[in-house]
Amino acid sequence: MRRHFFDSTRTHRGAPLAWLGALCALAALALLPGRALAQTRDLSTQGQLIDRVAAIVNNGVILQSQLDDRVKQVVAELKAQGLTPPPQSVLRKQVLNSLILQQVQLQQAQQDGITISDDTLNAALQSVAARNGIPFADLPNALAQQGINYADYRDQMRDQLMIGLLRERDVLQRIVVTPRQIDQFLAHQAQEPTAGEEYDVSHILIAVPPNATPAELTAARKLADKVDTLAKDGKNFAKLAVTYSSSADALKGGNLGWRKGVDLPTFLTNVVPKLKPGQVSAPIRTPSGFHIVKLDNIRRQEHKDIVEQVHVRHILLIPNALQDNATVRQRLEKIRKEILEHKIKFSVIAASVSQDPGSASQGGDLGWQSPKEFTPRFAKAISALKVGQISQPFQTRFGWHIAQLLGKRKYDETKEMKRLHAMEAIRASRADEDAELWLQRLRDDAYVKILTD
């Protein structure tokens, strides 16, 4: 089967810096760009309506052409998976809801001043090309062969990166993990015989408003019971998700992908391990609504105690209104030259100018870490270095860096590393449900008027 470049690519969801990378690299890039923010009811010279508004979202709009194009894409994706699309009326409603959620998030990101530079965007597109085994320069032609306009694709990617940064800031970074929670997690993991297993899970969310009335709660419960019965009677679960689910991943058949047991959403940690592949759970009540969960498959993931680690220090400078990308890069080039010529010490200048609050006071020292704990662009930059070497300036989503590799080693994970991994797993397990609630709040706070059937 031909690989579509807008297919999702899942990565480990645990690491704080990796979560956004997962969301960006593994986001569904086929979402239509939400950039048509002006109403276009233009008429041709013959007086024929060219386009019309499908929905108003705050101060922006979703056009009928956007909705039509996205419906066609979803139909093609479902057929590629061997699924029969639901009725057009149902599918259009789900797709429109997806576009509304995307528009709400983009507007919030723009309001908060979240931007994606061209360098960051190009780095993300290079990753897409690399994952698909083609040179970056060939990406436009490869997309064109699948009927995808490269300019539109860049807009889609930029939108997804903006949404990813917004979610990381408003969801993941607000999840607080206490030392007691880590202790309890490690104690439970030590007694859990299935700690090394991974689960391929799908779910359907029947949403319940935060302040639901008794009538709304009863209606949601009845719908959840109906969907649960259909699923257990053998109806295609992915098609049911596309038809009924209110989750952001509904149009992907509700699939959450492969998750380690410790990375499952909190409300599923005691449910999924008890299911057999193909089995469907009873509806599960959470603050966001009722979830129906299916275990698609299970596999054993062997744990390796020996890990590759690198010792790195860096200097981070963040572009702003007064210093653009070019200025910041030139400044780092000058700093690098002065360090190499022994005019200044790396640690001294890092403590003075680096804008990384976590490492500046330590002279830029990031300590010993596995490369996978870094963003892909950062990991790639340090992988090319020899011990003692300082990189040329490079850009990640956080800003511009120069980095020095201080050492490499193979390391047997310590108690501290296990605690770090435990914290990441706890945060990942809470991220899904918190993200659903956050998205519901954004949607509820937005002015939305639907103008299409």
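The values are calculated or read from the model by the stated rules, or taken from the named source; none is laboratory data. Only a predicted model underlies this, so the values are computations on that prediction, with no experimental measurement involved. Please note: Cβ atoms are built from the backbone with ideal geometry, for glycine as well, and neighbour counts cover all protein chains shown.
So Asn59 clears everything in (1) under 13 Å from Thr452 (Cα atoms); (2) surrounded by fewer than 19 Cβ atoms within 10 Å (Cβ to Cβ); (3) touching a residue at least 24 places away in the same chain (Cβ under 8 Å) except one condition, right? Which one?
(1)
Please go through region 258-284 and give me each residue that is closer than 20 Å to Met423 by Cβ and in contact with a helix residue (DSSP H, G or I) (Cβ under 7 Å, 6 or more places away or on another chain), ordered by number.
Scanning region 258-284 gives Gly261, Val262, Asp263, Leu264, Pro265, Thr266, Phe267, Thr269.
Can you spot a residue in region 435-446 that is more than 25 Å from Leu256 (Cα to Cα) and either part of a strand (DSSP E or B) or touching a His at 6+ places or on another chain (Cβ under 7 Å) (or both)?
Scanning region 435-446 turns up no residue that is more than 25 Å from Leu256 (Cα to Cα) and either part of a strand (DSSP E or B) or touching a His at 6+ places or on another chain (Cβ under 7 Å) (or both).
Would you point out the residue of region 357-387, among those that are out of contact with any Ser or Thr (no Cβ under 8 Å at 6 or more places or on another chain) and of a type in the set (A, V, I, L, M, F, W, C), that is nearest to Phe398 (Cα to Cα)?
Residue satisfying both the conditions and the ranking: Phe374.
If you go through region 200-256, how many residues are without any contact (Cβ under 8 Å) to a residue 24 or more places away in the chain, farther than 22 Å from Val104 by Cα and not aliphatic (A, V, I, L, M)?
Summing the residues that are without any contact (Cβ under 8 Å) to a residue 24 or more places away in the chain, farther than 22 Å from Val104 by Cα and not aliphatic (A, V, I, L, M) in region 200-256 gives 10.
Looking at Arg377, Arg409, can you tell me which residue is touching a residue at least 60 places away in the same chain (Cβ under 8 Å), surrounded by 17 or more Cβ atoms within 10 Å (Cβ to Cβ) and either out of contact with any Leu (no Cβ under 6 Å at 6 or more places or on another chain) or not aromatic (Phe, Trp, Tyr) (or both)?
The unique qualifying residue is Arg377.
Of the residues Gln369, Gln389, only one is touching a residue at least 60 places away in the same chain (Cβ under 8 Å) and under 30 Å from Val128 (Cβ atoms); which?
Gln369
If you check Val74 against the conditions, is it within 20 Å of the chain's Cα centre (by Cα), more than 23 Å from Asp444 (Cα to Cα) and aliphatic (A, V, I, L, M)?
yes
Which condition number in (1) aromatic (Phe, Trp, Tyr); (2) within 30 Å of Asp296 (Cβ to Cβ); (3) modelled with pLDDT of 85 or more is the one that Phe136 fails?
The number of the failed condition is (2).
Considering every residue within region 262-281, establish whether at least one is under 23 Å from Leu437 (Cβ atoms), at pLDDT 90 or above and more than 23 Å from the chain's Cα centre (by Cα). First the steps, then the outcome.
First pass over region 262-281, keeping only residues under 23 Å from Leu437 (Cβ atoms): 262-272, 281.
The next check asks that each one be at pLDDT 90 or above; those that pass are 281.
Imposing the further condition that a residue be more than 23 Å from the chain's Cα centre (by Cα) reduces the set to 281.
Scanning region 262-281, I find at least one residue that is under 23 Å from Leu437 (Cβ atoms), at pLDDT 90 or above and more than 23 Å from the chain's Cα centre (by Cα), so the answer is yes.
Within region 108-124, track down each residue that is without any contact (Cβ under 8 Å) to a residue 60 or more places away in the chain, surrounded by fewer than 20 Cβ atoms within 10 Å (Cβ to Cβ) and either of a type in the set (Lys, Arg) or in a helix (DSSP H, G or I) (or both).
Of everything in region 108-124, those that are without any contact (Cβ under 8 Å) to a residue 60 or more places away in the chain, surrounded by fewer than 20 Cβ atoms within 10 Å (Cβ to Cβ) and either of a type in the set (Lys, Arg) or in a helix (DSSP H, G or I) (or both) turn out to be Gln110, Gln111, Asp118, Leu121, Asn122.
Scan region 173-188 for residues that are of a type in the set (A, V, I, L, M), at pLDDT 80 or above and in contact with a helix residue (DSSP H, G or I) (Cβ under 8 Å, 6 or more places away or on another chain) and jot them down.
Answer for region 173-188, where residues must be of a type in the set (A, V, I, L, M), at pLDDT 80 or above and in contact with a helix residue (DSSP H, G or I) (Cβ under 8 Å, 6 or more places away or on another chain): Ile175, Val177, Ile182.
How about region 317-334: which of its residues are crowded, with 16+ Cβ neighbours inside 10 Å and not in a helix (DSSP H, G or I)?
Leu317, Pro319
Scan region 268-295 residue by residue and report those that are surrounded by fewer than 19 Cβ atoms within 10 Å (Cβ to Cβ), closer than 17 Å to Tyr199 by Cα and of a type outside the set (Lys, Arg).
Within region 268-295, Thr269, Asn270, Val271, Pro273, Leu275, Pro277, Gly278, Gln279 qualify.
All but one of (1) surrounded by fewer than 20 Cβ atoms within 10 Å (Cβ to Cβ); (2) of a type in the set (Asp, Glu); (3) more than 21 Å from Ile182 (Cα to Cα); (4) in contact with a strand residue (DSSP E or B) (Cβ under 9 Å, 6 or more places away or on another chain) hold for Glu433, so report the exception by its number.
All conditions pass for Glu433, except number (3).
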